[in-house]
Amino acid sequence: MALVIGLSAAAQTRADIQASIKKMESPSTPCNQGAEPFKQFIAQFSTDADFMTSRLKLSDAQREQYAEILKPETFKAMGPEERDGEEYYQAWGEMQYGQAYLDCGWVDSFSEYTMEFKRLDGKWYLAKIVVE
């Protein structure tokens, strides 16, 4: 089981989400150090389907299981917004030199899943989807 440290689902406000975006975009954040800054990677990953597909380190079974969410537009911080009568959010969680997390879930409730990105041989990849 992966240890995932991010913002608690109960604390997700628009201000929290904006703060997570600023942190992810900051040149001083560890994930933005090195030859491929995470902010440049995620900008292309979240807009270019071919690039996104080339940067997935998921098994075929995982790709099939998560096909509905494996779309470029999924990979951004957003919300809270109404979904199914509840407030849904996506926010950047822990940001390290070699890994970064996008936490997704319901405000004042629980995280639905966490996207785990890892830097491998100097390049960023979506390495795991952790379902809570």
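Once segment 77-113 is narrowed to residues that are of a type in the set (Gly, Ala, Ser) and touching an Asp or Glu at 6+ places or on another chain (Cβ under 6 Å), the residue that is most open to solvent (accessible area, probe 1.4 Å) is 111.
Considering only residues that are open to solvent by 40 Å² or more (accessible area, probe 1.4 Å) and assigned to a strand (DSSP E or B), look in segment 114-131 and name the one that is farthest from residue 39 (Cα to Cα). Before the answer, list the steps.
Initially, segment 114-131 is screened for residues open to solvent by 40 Å² or more (accessible area, probe 1.4 Å), giving 118, 120-121, 123, 128, 131.
Still in the running and assigned to a strand (DSSP E or B): 118, 120, 123, 128, 131.
Numbers: 118: 13, 120: 16, 123: 12, 128: 19, 131: 24 Å.
Looking at residues that are open to solvent by 40 Å² or more (accessible area, probe 1.4 Å) and assigned to a strand (DSSP E or B), I get 131.
Any chance segment 19-27 includes a residue that's touching a strand residue (DSSP E or B) at 6+ places or on another chain (Cβ under 7 Å), open to solvent by 80 Å² or more (accessible area, probe 1.4 Å) and either closer than 14 Å to residue 122 by Cβ or in a helix (DSSP H, G or I) (or both)?
Just the residues of segment 19-27 that are touching a strand residue (DSSP E or B) at 6+ places or on another chain (Cβ under 7 Å), to begin with: 20-21, 23-24.
If we keep only those that are open to solvent by 80 Å² or more (accessible area, probe 1.4 Å) too, we end up with 23.
Filter again for either closer than 14 Å to residue 122 by Cβ or in a helix (DSSP H, G or I) (or both), leaving 23.
The answer is yes, given that some residue of segment 19-27 is touching a strand residue (DSSP E or B) at 6+ places or on another chain (Cβ under 7 Å), open to solvent by 80 Å² or more (accessible area, probe 1.4 Å) and either closer than 14 Å to residue 122 by Cβ or in a helix (DSSP H, G or I) (or both).
Of 43, 77, all but one fail to be hydrophobic (A, V, I, L, M, F, W, C), within 27 Å of residue 108 (Cα to Cα) and under 13 Å from the mean Cα position of the chain (by Cα); the exception is 77.
In segment 49-76, the residue that is most open to solvent (accessible area, probe 1.4 Å) out of those that are more than 17 Å from residue 119 (Cα to Cα) and hydrophobic (A, V, I, L, M, F, W, C) is 61. Return yes or no: is residue 41 out of contact with any strand residue (DSSP E or B) (no Cβ under 6 Å at 6 or more places or on another chain), of a type outside the set (Lys, Arg), touching a residue at least 40 places away in the same chain (Cβ under 8 Å) and surrounded by 14 or more Cβ atoms within 10 Å (Cβ to Cβ)? For residue 41, the condition - out of contact with any strand residue (DSSP E or B) (no Cβ under 6 Å at 6 or more places or on another chain), of a type outside the set (Lys, Arg), touching a residue at least 40 places away in the same chain (Cβ under 8 Å) and surrounded by 14 or more Cβ atoms within 10 Å (Cβ to Cβ) - is not met. Among the criteria (1) within 15 Å of the chain's Cα centre (by Cα); (2) in contact (Cβ under 8 Å) with a residue 24 or more places away in the chain, the one residue 48 does not fulfil is (1). Among the residues making up segment 80-124, those that are closer than 18 Å to residue 20 by Cα and of a type in the set (A, V, I, L, M) are 91, 95, 100, 102, 107, 115. Within segment 72-81, is there a residue that is modelled with pLDDT under 90, basic (Lys, Arg) and either farther than 23 Å from residue 132 by Cα or in a strand (DSSP E or B) (or both)? No, segment 72-81 contains no residue that is modelled with pLDDT under 90, basic (Lys, Arg) and either farther than 23 Å from residue 132 by Cα or in a strand (DSSP E or B) (or both).
Within segment 28-59, if we keep just the residues that are small (Gly, Ala, Ser) and under 15 Å from residue 122 (Cα atoms), the residue that is modelled with the highest pLDDT turns out to be 54.
Being of a type in the set (Phe, Trp, Tyr) and over 22 Å from residue 23 (Cα atoms) is the filter here, so list the residues in segment 44-79 that pass it. If you could, list the steps in order and put the result at the bottom.
Initial filter on segment 44-79 (of a type in the set (Phe, Trp, Tyr)): 45, 51, 66, 75.
Across segment 44-79, the qualifying residues are 51, 66.
The values are calculated or read from the model by the stated rules, or taken from the named source; none is laboratory data. Remember, predicted model here, so these are calculated numbers, not experimental data. A quick note on method: Cβ atoms are made from the backbone with ideal geometry, for glycine too, and the neighbour counts reach across all protein chains shown. To get the accessible areas, we keep the full protein, side chains included, count just its heavy atoms, and leave off ligands, DNA and RNA. Shrake-Rupley method; radii C 1.70, N 1.55, O 1.52, S 1.80 Å.
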